[in-house]
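Asker: I have a structure I would like to understand better, so I am pasting it below and will then ask my questions one at a time.
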Amino acid sequence: QVSPGLRTPRLPVWLCSASGRHGVLFGTDSRLLSDWKSERIFHLYFYSGQQEQTQTAHLTIDTHSHHWEEAQREDPCSAGKRRPALEMAIRTKWAGATVSWNGTDPFF
């Protein structure tokens with residue numbers, strides 16, 4: 001039998017698999033599970049256990065950013081427009097959100 005804590009987590013936790021690698025994306029604010037208003041700007045953390053990741057990545061997610069104001073003249077497939085797979089996975093939950101890596105080089 002599964003404990004109630006595993007069926008309904010107290011904190012938001014997602015297991016991620018992108019580009020053949022696995023990791024855990026999690027938040028420390030329980031309001032993300034119950035209050036949609038807390039989804040404006042919030043923090044998530046990512047840990048993969050891969051040797052190239054020396055510490056947990058601290059990400060800031062902004063769901064009300066003005067992504068449409070980016071320069072329109074760049075080709076969406078250019079290197080400047082490519083996004084890490086983790087960012088794309090986050091956008092499956094929060095479409096159009098911007099992800100700040102807070103000084104960590106994007107990986108995954």
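Values quoted throughout were computed directly from the atomic coordinates according to the rules given, and no laboratory measurement underlies them. What you are looking at is a predicted structure, and each value in this text was computed from that prediction instead of being measured.
Asker: What's the extension gain from V2 to W101 if we count 0.36 nm per residue and subtract their Cα-Cα distance? Don't skip to the end; give the middle numbers.
Answerer: Working: separation 99, 0.36 × 99 = 35.64 nm, distance 3.46 nm.
That pair, V2 and W101, stretches by 32.2 nm at full extension.
Asker: The stretch 10-70 to the stretch 82-108: how many Å between their Cα centroids?
Answerer: Taking the Cα centre of the stretch 82-108 as reference, the centre of the stretch 10-70 is 8 Å away.
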